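First comes the structure, then the notes that go with it.
The values are calculated or read from the model by the stated rules, or taken from the named source; none is laboratory data. Computed from a predicted structure; not experimentally measured. Glycine also receives a Cβ, built like all others from the backbone with ideal geometry; neighbour counts cover every protein chain displayed. For the accessible areas, the whole protein counts, side chains as well, though only heavy atoms, and no ligand, DNA or RNA atoms are used. Shrake-Rupley method; radii C 1.70, N 1.55, O 1.52, S 1.80 Å.
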Amino acid sequence: MTKKIVVLPGDGIGPEIVAEAVKILEKFREEGLDINLEYGLIGGAAYDETGTPLPAETLEISKQADAILLGAVGGYKWESLDISVRPEKGLLGIRSELNLFANLRPAILYPQLADASTLKAEVVAGLDLMIVRELTGGIYFGQPRGIRTLDNGEKQGFNTLVYRESEINRIGKVAFDIAAKRQGRVCSVDKANVLESTELWRETMTTLSKSYPDIELSHMYVDNAAMQLVRAPKQFDVMVTTNMFGDILSDCASMLTGSIGMLPSASLDENSKGMYEPIHGSAPDIAGQNIANPLATILSAAMMLRYTLDEASMADRIEKAVSKVLDDGLRTADIYSTGMTKVSTSEMGDAVLAAL
Ligand code: IPM
Ligand code: MG
């Protein structure tokens with residue numbers, strides 16, 4: 001049966017980078033991959049056209065899709081809008097409405113880019129870590145939230161960090177299952193010394209680990225984890241953490257790989273239906289200039305082939321092609337170093353296509 005893929009380019013560099021990943025999917029379609037691509041609006045682009053960052057139609061087609069490929073949302077233009085209609089609300093809304101609770105953010109260093117990292121090559125060489133971020137709970141969604149005026153007239157902003165055992169268990173299982181196919185080690189990141197919600201997180205992970213005797217579970221406070229990520233990142237195999245800690249730590253981990261422009265992600269529901277997106281944002285400062293790095297989005301398409309479309313060999317081909325173009329010395333501006341060949345967004349996409 002034809003698999004339905006919804007493409008949501010979004011804002012900023014979103015349309016440019018998504019176009020490069022689509023070229024690759026189209027090539028596989030010509031080779032016989034049975035997919036159908038349908039486009040939708042999200043984020044600021046959707047707000048401008050429909051008055052909402054997540055139009056009902058986008059949600060509807062996304063619910064019916066087998067997988068979603070998303071670019072990025074947000075930009076200066078919409079920063080002063082009310083938070084309820086900001087572009088980011090579209091992204092958070094679709095994650096939540098589709099129950100995409102498991103966000104996989106692999107940080108792999110392509111050996112060719114060891115010099116592009118701001119860290120010493122020996123610290124990052126061989127890096128291969130997986131951050132499993134809880135994506136539909138925690139402080140991003142907890143109620144109550146808002147900005148209120150106190151009796152003395154002063155304003156107060158407030159958010160709520162909440163986690164239920166069931167939410168912790170389901171993300172924990174994802175992390176343990178992934179670790180079982182890797183080095184078998186899970187590091188759960190929390191702030192259990194200060195926050196009760198993550199004290200429960202730690203207890204629940206510990207209990208869950210009893211069902212996974214072959215997996216080694218360790219715990220780390222988030223401040224220490226941030227330090228360890230830049231001090232000795234190769235100590236980690238799988239890290240599992242809350243929505244907000246995962247947001248922060250994955251940006252941090254991306255720089256180990258040379259550029260945030262290299263990191264793909266998958267956001268999965270209970271049935272491995274997923275939305276695939278680069279972890280970087282919409283980069284409005286460079287939008288429309290054909291200089292953004294499309295590799296994170298291209299690698300996100302590879303994750304889509306692997307996790308939702310069950311086409312591991314096509315995913316392998318993309319990953320090998322990316323490695324090949326890096327071997328050939330092609331670099332977008334964010335990963336450029338002297339002696340390499342600087343290429344545009346579309347030239348990078350074409351090179352990967354040719355290397356398939
Ligand atoms: C990410 C982004 C989003 C997040 C923003 C754009 C809402 O930073 O996917 O990491 O905070 O989750
Ligand atoms: Mg982020």
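Here are a few things to note about the model shown:
- Residue match in region 26-40 (condition: more than 17 Å from LYS3 (Cβ to Cβ) and either modelled with pLDDT of 95 or more or of a type in the set (S, T, N, Q) (or both)): no
- Residue match in region 85-95 (condition: more than 16 Å from ligand 1 (Cβ to nearest atom), under 28 Å from LEU268 (Cα atoms) and open to solvent by less than 40 Å² (accessible area, probe 1.4 Å)): no
- Taken over region 49-66, residues that are assigned to a helix (DSSP H, G or I) and either hydrophobic (A, V, I, L, M, F, W, C) or under 19 Å from the mean Cα position of the chain (by Cα) (or both) amount to 4.
- 2 or more residues without any contact (Cβ under 8 Å) to a residue 24 or more places away in the chain and over 23 Å from the mean Cα position of the chain (by Cα): qualifying strands (runs of 3 or more DSSP E) within region 69-171: 146-149, 155-158
- Scanning region 41-60 for residues that are hydrophobic (A, V, I, L, M, F, W, C) and touching a Lys or Arg at 6+ places or on another chain (Cβ under 8 Å) yields a single hit, LEU54.
- Exactly one residue out of MET314, MET239 is at pLDDT 95 or above, buried (at least 18 other Cβ atoms within 10 Å of the Cβ) and more than 27 Å from ALA125 (Cβ to Cβ), and it is MET314.
- Considering region 241-356, the qualifying helices (runs of 4 or more DSSP H), each wholly inside and each with 1 or more residues that are more than 30 Å from ARG170 (Cβ to Cβ), run over 295-307, 312-327, 345-355.
- Screening ASP66 with (1) within 14 Å of ligand 1 (Cβ to nearest atom); (2) under 26 Å from GLU26 (Cα atoms) gives one miss only, at (1).
- Restricting region 317-356 to residues that are modelled with pLDDT under 95 and among the polar types (S, T, N, Q), the residue that is least open to solvent (accessible area, probe 1.4 Å): SER337
- Test result for SER250, hydroxyl-bearing (Ser, Thr, Tyr) and either without any contact (Cβ under 8 Å) to a residue 40 or more places away in the chain or closer than 29 Å to VAL123 by Cβ (or both): yes
- GLU20 vs. criteria charged (D, E, K, R), open to solvent by less than 20 Å² (accessible area, probe 1.4 Å) and in the same structural domain as VAL352 (by TED's automatic domain parsing): yes
- Residue within region 165-179 that is surrounded by 11 or more Cβ atoms within 10 Å (Cβ to Cβ) and farther than 25 Å from ASN271 by Cβ present: no
- Scanning region 221-240 for residues that are among the charged types (D, E, K, R) and either assigned to a helix (DSSP H, G or I) or within 13 Å of ligand 1 (Cβ to nearest atom) (or both) yields ASP223, ARG231, LYS234.
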